[in-house]
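**Q** Got a structure here, written out as structure tokens. Questions coming.
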Amino acid sequence: MKNSAIVLLSGGLDSTVTAAIAIKAARCVFVHVNYGQRTEARELKAFKAIVRHYKAEAISINAAHYKIIGQSALTDKRIKIPKGDVNRRGIPSTYVPFRNAHMLSIAVAVAEARGAGAVYIGAVEEDGSGYPDCREEFFKAFEKAVRLGTKTSKKIRILTPLIHKNKEEIVKLGIRLGAPLRLTWSCYGAEQEACGKCDSCLLRLKGFEGARVKDPIRYKTIFGKSKK
């Protein structure tokens, strides 16, 4: 019998490859959090498609309070999503205050209730050049807090298998594992065709280009330039 694990699955590239890793090692429950992001409906659609692909148990949870908290371009439409820049330094306006801690708290609660021994999250430090909650040291600290704050005698590990990989490596790994990359969605602002110019789109496109594989989703622009 496999060990059980909880996988935070947004429906994006990184979380889907993480799910492909986790499902080979454990009996998984996929957890999706709707937090009032611009592409909430599209990400949920991707999540459901990936769940069907893996025939996994799934839980979808609403965290609408993030729209009330605001101060992020992903949850507040009054704040414009910045033009993508993979070399940007500092914390971009797309940072959602302490989001990963909230999502991990939800996943750990599910893990404790289900007796699962691990929570997987597809965090990548390359993406987090300005996101403080995407750093390895944050996840190590959070794991210590989980150990102190849960009643279970089983240690719940926080696993970040992609933390030191770049997008090219993630794409190659996803292909090798047979992850359904065609079902994923990464764009920050669009829900029909990916915009091709936000940070998330640019990083994704860079990864597929480096892997010399065509990205299976549709874009309005490629690297911010019109396809026409």
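**Q** Please turn the phi angles of segment 181-190 into ³J(HN,Hα) values with the Karplus equation 6.51 cos²θ - 1.76 cosθ + 1.60 (θ = phi - 60°), one per residue in order, whole Hz, x for glycine and proline.
**A** Ordered by residue, 3J(HN,Hα) equals 4, 5, 8, 7, 9, 10, 4, 6, x, 9 Hz.
**Q** Of all beta bridges DSSP finds with both residues in the chain, what is the antiparallel percent, to the nearest 5?
**A** 10
**Q** Can you show me the helix-derived [θ] at 222 nm for the chain, built from DSSP H runs with n ≥ 4 at -39,500 (n - 2.57) apiece and divided by the number of residues, rounded to the nearest 500.
**A** Taking each H run of at least 4 residues, the total per residue is -12000 deg cm²/dmol.
**Q** Just round it to a whole percent: the fraction of Cα-Cα distances in segment 42-107 exceeding 13 Å.
**A** Values: 1567 of 2145 pairs.
When all Cα pairs of segment 42-107 are counted, 73 percent exceed 13 Å.
**Q** Search the structure for amide H atoms under 5 Å from the amide H of ILE158, placed 1.01 Å from N in the peptide plane, and list their residues when 5 or more places away or on another chain.
**A** HN-HN under 5 Å from ILE158: VAL119.
**Q** Using modelled backbone amide H atoms (1.01 Å from N, in-plane), which distant-in-sequence or interchain residues come within less than 5 Å of THR184's amide H?
**A** Here the answer is none, since no amide H 5 or more places off falls under 5 Å of that of THR184.
**Q** Around SER60, which amide H atoms from residues at least 5 apart in sequence, or from another chain, sit under 5 Å from its own amide H, with H modelled in the peptide plane?
**A** HIS32
**Q** Using 7 Å Cα-to-Cβ label points, what is the GLN192/LEU44 separation (nm, one decimal)?
**A** So the label points at GLN192 and LEU44 sit 2.0 nm apart.
**Q** Still on this model: Rounded, prolate or oblate, given the Cα gyration tensor of segment 3-179, with a/c below 1.5 counting as rounded?
**A** Values: a/c = 1.41, a/b = 1.27, b/c = 1.11.
It is rounded, given that a/c, with a ≥ b ≥ c, falls under 1.5.
**Q** Placing unit charges on C-beta atoms (Lys and Arg positive, Asp and Glu negative, everything else neutral), compute the dipole magnitude of the chain about its Cα centre in debye, rounded to 20.
**A** So the dipole magnitude of the chain works out to roughly 500 debye.
**Q** Let me ask something else about it. Distance from a point 7 Å along Cα→Cβ of LYS83 to each backbone N in segment 172-200: keep the residues under 12 Å and list them by number.
**A** The answer is 197-198, whose backbone nitrogens lie closer than 12 Å to the label point.
**Q** Please list, in order along segment 171-178, the HN-Hα scalar couplings obtained from phi with the Karplus expression 6.51 cos²θ - 1.76 cosθ + 1.60 (θ = phi - 60°), rounded to whole Hz, x for Gly and Pro.
**A** 4, 4, 5, x, 5, 4, 8, x
Each value in this text was obtained by applying a stated rule to the coordinates, not by laboratory testing. In this text, all values refer to a predicted model and were calculated from it rather than measured experimentally. In this analysis, Cβ positions are derived from the backbone assuming ideal geometry, glycine residues included, and neighbour counts consider all displayed protein chains.
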